[in-house]
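Below: the structure, in structure tokens.
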Amino acid sequence: MKRTFIGILLIFLTGQLFAQQSLSSYGFRLGLTAHPTIGWIKPETGKTNSVALGFSYGLMADFNFAENYTFATGLTITTINGKSTEVNVPPYYDGSAAQTAYDLKYKLQYIEVPLTLKLKTDKMGEVKWYGQFGLSNGFNIGAKQSAETAGKTINDNQSISKEINFYRAGLVLGVGGEFDVTSHTSITLGLTLNNGFTDITDDNNRKVKNHYLGLNFGVFF
């Protein structure tokens, strides 16, 4: 996993260097973002119980390589929370019964580096609209879980970092708009679906994925 992280980081830095060298004629923008996330857990065996709020904040960067086409990336700290019911979950399951169901609450935190493409419209009134598509790369930096079975609490907000995979990949789909405030400052508002497609647990006997909606707010300078 460390080699994967280093490889992706090198690709990210190389892409930034290329963009700065060859795309500068179209412009580079750096901004700040902070917004809530609405997350949920999707186990392969079991069910999603409910959504849970999280938060994301950090840097966003746009490399404009044509008039209405942008390579969009960034570096954020993102929390993805959610609740599920799953069967025979280690380390809680002791094998004494054929099946035991557990109500779980996940609190997962990632460093995220998205690699996406924005397709923008011409300015319509005061707004330039965009659609966004690409890959989300997440690196786990924190994982906690609460667990209950048959109404009894067996784990309360305890670390499960060893049971969570380091790398998470997701498909990014987004829409939104940009509003100019001054000649060099703009506000961006939008909605992003981050659809995780890698298993978040290291348990070979089950597969669990997490997803979230981001209610995006950011300022480019």
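Every read-out reported here was derived from the displayed coordinates using simple, explicitly stated rules and does not represent laboratory data. Keep in mind that what you see is a predicted model, and the values were worked out from it rather than measured. Note that we place each Cβ from the backbone using ideal geometry, even for glycine, and neighbour counts take in every protein chain shown.
If the condition is being touching a Lys or Arg at 6+ places or on another chain (Cβ under 9 Å) and over 22 Å from residue 103 (Cβ atoms), then segment 151-167 contributes only 166. Of all residues in segment 200-209, one or more are at negative phi and free of Cβ contacts under 8 Å to residues at least 24 places away in the same chain.
Restricting the search to segment 187-203, which residues are in a loop (DSSP other than H, G, I, E, B) and of a type in the set (A, V, I, L, M, F, W, C)? Those that are in a loop (DSSP other than H, G, I, E, B) and of a type in the set (A, V, I, L, M, F, W, C): 197, 200. On the stretch given as segment 88-124, residues that are acidic (Asp, Glu) and in contact with a Ser or Thr (Cβ under 8 Å, 6 or more places away or on another chain) total 2. Candidates 128, 144, 162: the one that is under 22 Å from the mean Cα position of the chain (by Cα), among the charged types (D, E, K, R) and over 19 Å from residue 54 (Cα atoms) is 162. Considering 117, 104, the condition of being farther than 21 Å from residue 209 by Cα and among the hydrophobic types (A, V, I, L, M, F, W, C) is satisfied by 117 alone.
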